[in-house]
Amino acid sequence: MDFDKELERIAQQYRNEGYAVLTHPGADHLPAFAADFGVDMLATRGDERLLVQVKKDRADLEDAPNIPQQAEITNAQPGWRYDLVVLEQDNPVRRIARMAGEPTVEQIGQMLDEADRVLKVVTPRAAFALAWAGLEAAMRRTAQRSGLGGRIGTQPPILIRELYSSGRISPEEFRRLEAIRHLRTEIVHGLAPPAIDAGTVQSMIDLARRLLAESESMQPVAG
């Protein structure tokens with residue numbers, strides 16, 4: 001893998017979203033709190049400031065135990081966000097997927113229906129994971145049929161950016177998905193439980209159903 005080439009590919013995705021991107025920023029380009037973080041990119045757009053750390057694979061990530069602390073420090077700064085991208089796609093999820101395969105349209109619809117039922121009778125937190133599963137599957141299916149990739153194992157940040165850059169999701173939906181993605185990360189990694197309201201979960205279900213319906217009306221793009 002050519003890391004610099006992959007880094008430039010990720011940087012271009014941010015540029016497509018309207019960010020000005022500096023790769024390999026030096027300490028003099030970074031805020032004092034992040035001067036020694038060793039991040040790979042600094043991205044800015046209006047009042048938004050992003051520190052982006054790119055890792056080759058899971059082993060590379062395990063060799064950087066300070067990333068959670070760096071993310072916590074960065075996200076606590078007004079206007080700042082910390083993004084982590086792991087390039088290697090051949091991960092455990094993908095290996096399992098070789099046997100399990102992608103869900104069908106009907107199965108994705110069932111995930112969303114179940115999330116809807118749980119939302120109505122239990123709690124938004126309980127419905128969140130089901131809604132996310134259906135939403136991520138719908139995003140992958142849309143990406144696949146649009147010729148954008150979308151293979152199982154594609155990280156949600158990359159999937160979201162590809163759909164946004166191709167016009168499949170609006171700027172408002174992009175911002176909402178980014179916020180939801182951060183909620184999902186906090187939940188699945190057992191961090192301090194965030195507040196989740198019913199409206200957030202319902203917006204996930206609605207967006208997933210829209211993407212699913214639109215994906216079925218597309219003429220699949222040959223890979």
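Cβ-Cβ distances below 8 Å connect the following pairs, each with a first residue in segment 10-24 that is over 15 Å from Gln53 (Cβ atoms) and outside the structural domain of Leu148 (by TED's automatic domain parsing), a second residue that is surrounded by fewer than 16 Cβ atoms within 10 Å (Cβ to Cβ) and at pLDDT 90 or above, and a separation of six or more residues or different chains: Glu17/Arg45; Gly18/Arg45; Tyr19/Thr44; Tyr19/Arg45; Tyr19/Glu48; Ala20/Thr44; Ala20/Arg45.
Between Ala127, Ala131, Ala115, the distinction of being surrounded by 20 or more Cβ atoms within 10 Å (Cβ to Cβ) and touching a Gly at 6+ places or on another chain (Cβ under 8 Å) belongs to Ala115 only. Filtered by the rule that a residue be over 19 Å from Trp80 (Cβ atoms) and either touching a residue at least 12 places away in the same chain (Cβ under 8 Å) or not in a loop (DSSP other than H, G, I, E, B) (or both), segment 182-192 gives Arg184, Ile187, Val188. Being in contact with a helix residue (DSSP H, G or I) (Cβ under 6 Å, 6 or more places away or on another chain) and either within 28 Å of Pro68 (Cα to Cα) or outside any helix (DSSP H, G or I) (or both) is true for just one of Ala138, Ala133, Ala179, Ala195. Which residue is that? Result: Ala133 is the single residue among Ala138, Ala133, Ala179, Ala195 that is in contact with a helix residue (DSSP H, G or I) (Cβ under 6 Å, 6 or more places away or on another chain) and either within 28 Å of Pro68 (Cα to Cα) or outside any helix (DSSP H, G or I) (or both).
Among the candidates Arg181, Arg141, the residue that is out of contact with any Leu (no Cβ under 8 Å at 6 or more places or on another chain) and not assigned by TED's automatic domain parsing to the domain that holds Gly18 is uniquely Arg181.
Here the condition is being in a loop (DSSP other than H, G, I, E, B), touching a residue at least 60 places away in the same chain (Cβ under 8 Å) and touching a helix residue (DSSP H, G or I) at 6+ places or on another chain (Cβ under 8 Å); of Thr154, Thr200, it holds for Thr154 alone.
Can Ile108 be described as over 30 Å from Met41 (Cβ atoms) and at pLDDT 90 or above? Yes: the conditions hold for Ile108.
The values are calculated or read from the model by the stated rules, or taken from the named source; none is laboratory data. No experiment lies behind these values; they were computed from the predicted model shown. We place every Cβ from the backbone using ideal geometry, glycine too, and count neighbours over all the protein chains shown.
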